[in-house]
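Colleague: One structure, pasted below without further comment.
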Amino acid sequence: MKTKKRVFIVEDHAIFREGLKRVLSEMPDVELVGEAGNGAEFLEKLKKVTPDIVLMDIQMPVMDGLEATDKALERDPSLKILVISMFGEEEYVYSMVEKGVSGFILKTSGILDLERAINRVAEGHQYYSEEIMGLLVKKVRQIDAPEKVTFTGKEMEVLRLLCKGASNNEIADKLFLSVRTVEGYRNKLLQKTGSANVINLVIYALRNKIVIL
């Protein structure tokens with residue numbers, strides 16, 4: 001029997017939270033394991049439940065999503081946090097990325113986008129809506145680029161595909177490689193650039209103009 005994805009919602013607006021719960025209840029491979037109206041409540045409940053994915057709001061009373069994310073990932077670095085953001089919260093996007101969240105999706109996104117985001121994050125990938133990726137590109141262009149490192153031809157091919165959001169399986173098919181070989185290239189790229197995860201690797205590539213999106 002296929003294991004369901006255990007999801008926890010952290011959102012202070014009750015009506016939006018109820019809407020999320022209803023949407024998640026219609027996803028057969030998702031199980032809602034908890035909800036909280038702010039970061040402090042979430043961290044308290046996290047002592048008793050182990051979610052796979054957290055749908056995290058940013059601006060909340062008592063404790064916001066930035067602080068809650070910091071504390072939750074400090075407690076469990078493997079926790080996958082998918083930020084649900086609104087337009088106008090651009091100032092927080094880069095900070096959340098640097099904290100190591102697994103993705104961003106806008107509150108205006110459709111149900112299929114949310115389901116796709118949950119599936120991608122559950123598989124160990126990052127997920128960023130096109131609008132959010134556009135904000136990241138704009139932000140990194142304002143930051144001075146660090147010292148560049150050199151890549152082999154195959155590493156560059158893998159890097160370009162990672163920047164386009166391709167999964168390991170998709171890259172393997174595209175480059176006629178095994179998934180394990182692709183994982184090896186990805187890990188090497190992370191090591192060379194000192195990146196904690198793929199989205200930090202994408203930011204590195206954009207800042208250095210190695211890849212243009």
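Colleague: Counting only heavy atoms of the protein chains, get the accessible area per residue of the chain (1.4 Å probe) and round it to a whole Å² value.
Modeller: About 53 Å² of surface per residue is accessible.
Colleague: Measure off 7 Å from each Cα along the Cα-to-Cβ vector at A196 and S167, then give the distance between these two points in nanometres to one decimal.
Modeller: 2.5 nm
Colleague: Report in % the part of the accessible area of the chain that belongs to carbon and sulfur, leaving out ligands and nucleic acids; probe 1.4 Å.
Modeller: Reported share for carbon and sulfur atoms: 50 percent.
Colleague: Next up: Filter K80/K154; K21/K107; K47/K80; K107/K174; K71/K209; K99/K174 down to the pairs with a C-alpha to C-alpha distance above 23 Å, please.
Modeller: Long pairs (Cα-Cα over 23 Å): K80/K154; K107/K174; K71/K209; K99/K174.
Colleague: If you bin every alpha carbon distance in the chain into 10 Å steps from zero, what whole percent lands in each bin?
Modeller: 8, 34, 35, 19, 4, 0
Colleague: With a point put 7 Å past each Cα toward its Cβ, work out how far V179 is from V23 in nm, to one decimal.
Modeller: 2.7 nm
Colleague: Hey, another quick one. How big is the dipole moment of the chain about its Cα centre under a simple scheme where the beta carbon of each Lys and Arg is +1, that of each Asp and Glu is -1, and everything else is neutral? Debye, nearest 20, please.
Modeller: Roughly 820 debye, rounded to the nearest 20.
Colleague: Can you give the local net charge around S195? Use residues other than it whose beta-carbon is closer than 12 angstrom to its beta-carbon, Lys and Arg +1, Asp and Glu -1.
Modeller: With Lys, Arg at +1 and Asp, Glu at -1, the neighbours total +3.
Colleague: Here is a follow-up. Mind giving me the FRET efficiency for V62 and E98? R0 is 22 Å, r the Cβ-Cβ distance, nearest 0.05 is fine.
Modeller: 0.45
Colleague: A further question follows. Considering the options S167, Q126, V49, tell which one lies farthest towards the positive end of the dipole of the chain, charges being +1 on Lys and Arg and -1 on Asp and Glu at the Cβ, about the Cα centre.
Modeller: S167
The values are calculated or read from the model by the stated rules, or taken from the named source; none is laboratory data. The structure displayed is predicted, hence computed values, not measured ones. For neighbour counting, all protein chains shown are included, and Cβ atoms are generated from backbone atoms with ideal geometry for every residue, glycine included. These accessible areas exclude ligands, DNA and RNA; they are computed on the full protein's heavy atoms, side chains included. Shrake-Rupley method; radii C 1.70, N 1.55, O 1.52, S 1.80 Å.
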